[in-house]
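Every read-out reported here was derived from the displayed coordinates using simple, explicitly stated rules and does not represent laboratory data. Keep in mind it's a predicted model, so treat the numbers as computed, not measured. Note that we place each Cβ from the backbone using ideal geometry, even for glycine, and neighbour counts take in every protein chain shown.
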Amino acid sequence: MHSSAARSARVGVVTFPGSLDDGDAARAVRIAGGEPVRLWHRDKDLHGVDAVVLPGGFSYGDYLRCGAIARFSPVMGSIIAGAGRGLPVLGICNGFQVLCESHLLPGALIRNDHRHFVCRDQWLRVENVDTSWTQDLRMGQEILVPVKNGEGGYIADPETLEWLETLGRIVFRYINGNPNGSRDDIAGIRNEAGNVVGMMPHPEHAVEELTGPSVDGLVVFTSVLGGLLAPSMVTA
Amino acid sequence: MSTPAERSEARVTSRVVVDVMPKPEILDPQGQAIQKALGRMGFAAVSAVRQGKRFEVEIDGEVDAAALAQVEQMAETLLANTVIEEFVVRVEQ
């Protein structure tokens, strides 16, 4: 374990007005062994965090488009700048929508093709482990985490979908059924550097036997913590 | 102090309308749901409905080229997501 490190990694969790899963995301960080730091949408100071989670929910009431107004919040200006310098950023559900609206990730998320809100446990296949958030997962590993969205259909133009595939930018794919009409069964994607990942399903809801369908989601959080602690382990 | 006439002159505003529509190739589940409802209501001839958004932007003073360019910029950056939507900007007379 990394408990002998001088300090645990500090992972910021942003709260926008209308965020719902910020509490669970902070809890997942703590269970994974990190120190959650609550970040407020109007505060552009990231308080020196080592990584950031954009949680699920309905930021700004989903007004205009999901994530569209959050993208121009003060905290996002700092996160976009940080992401450009390699700060690990994970967007879950509404957080994924915010990352697409911010152009940190390509494509967009539109209303589910079947028009219903979907809330169920969902199997995913890990398609890329070369990211800050999936490095402790195995290629091809199948994990079970909840998915819950109304506008979770991932869409991009055909050229973008092709290079996402060929460049290995697809991180998670839905298996045993596509819950929302996402193109190519895409459940999560990454940026070029691998520090930014967006995913529609909710790993933060699968970190404890008592409340989740599995504890498969925990590895997403331990992955980033392991990467952040690695340098201090070397110098220790 | 300004006179009432000056104050009313200062309040002159113009309206610029931005129409935003999903791109033709983008699935529009809301439009599909509306089309189905119209069918149930007896409007049998409706072959398709697409749902978009209309923004009415009030601009202080007259709309000149610079003001229009600003609204274009608003549409491009916030009002529309050009990955999935297209927009048209026009001055309402």
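Here is how the numbers come out for the structure above:
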{"item": "Spatial extent of region A:126-236: Rg and Dmax, with the Cα atoms as the point set, Å", "result": "14.7, 48"}
{"item": "Computed Rg/Rh of region B:7-93, alpha carbon atoms with Kirkwood Rh", "result": "1.14"}
{"item": "Normalised contact order of chain A, rounded percent, pairs of Cα under 8 Å and 6 or more residues apart", "result": "21"}
{"item": "Most mobile of B:ALA66, B:ALA44, B:ALA75 in a GNM of chain B (Cα contacts under 10 Å)", "result": "B:ALA44"}
{"item": "Convex hull volume per residue for region A:7-78, taking Cα atoms only, in Å³", "result": "65"}
{"item": "Within region A:1-89, chymotrypsin sites (Phe, Trp or Tyr not before Pro) in DSSP loop having at most 14 other beta-carbon neighbours inside 10 Å", "result": "A:TYR63"}
{"item": "Mean ellipticity per residue at 222 nm, deg cm²/dmol - from DSSP H runs of n ≥ 4 across the protein assembly as shown, formula -39500 (n - 2.57)", "result": "-7500 deg cm²/dmol"}
{"item": "Rounded Å value of the spacing that divides the Cα centres of region A:65-83 and region B:42-60", "result": "29"}
{"item": "Amide H contacts of B:ARG15 (H built 1.01 Å from N, under 5 Å, at least 5 apart or other chain)", "result": "B:ILE59, B:GLU92"}
{"item": "Fluctuation leader among A:GLY23, A:GLY48, A:GLY86 - chain A, Gaussian network, Cα springs under 10 angstrom", "result": "A:GLY48"}
{"item": "³J(HN,Hα), Karplus 6.51/-1.76/1.60, whole Hz, each residue of region A:89-100, x for Gly, Pro", "result": "10, 10, x, 10, 6, 4, x, 5, 4, 5, 5, 5"}
{"item": "Placed amide H near B:GLU86: partners under 5 Å, 5+ positions off or other chain", "result": "B:MET21, B:LYS23"}
{"item": "Rounded to whole Hz, the Karplus (6.51, -1.76, 1.60) HN-Hα couplings of region A:46-61, x for glycine and proline", "result": "8, 6, x, 5, 8, 7, 9, 10, 9, x, x, x, 9, 4, 6, x"}
{"item": "Viscosity 1.002 mPa s, 20 °C: Kirkwood-radius Stokes-Einstein D of chain A over Cα pairs, µm²/s", "result": "124"}
{"item": "Where only C-alpha atoms are counted, convex hull volume of region B:8-52 per residue in Å³", "result": "124"}
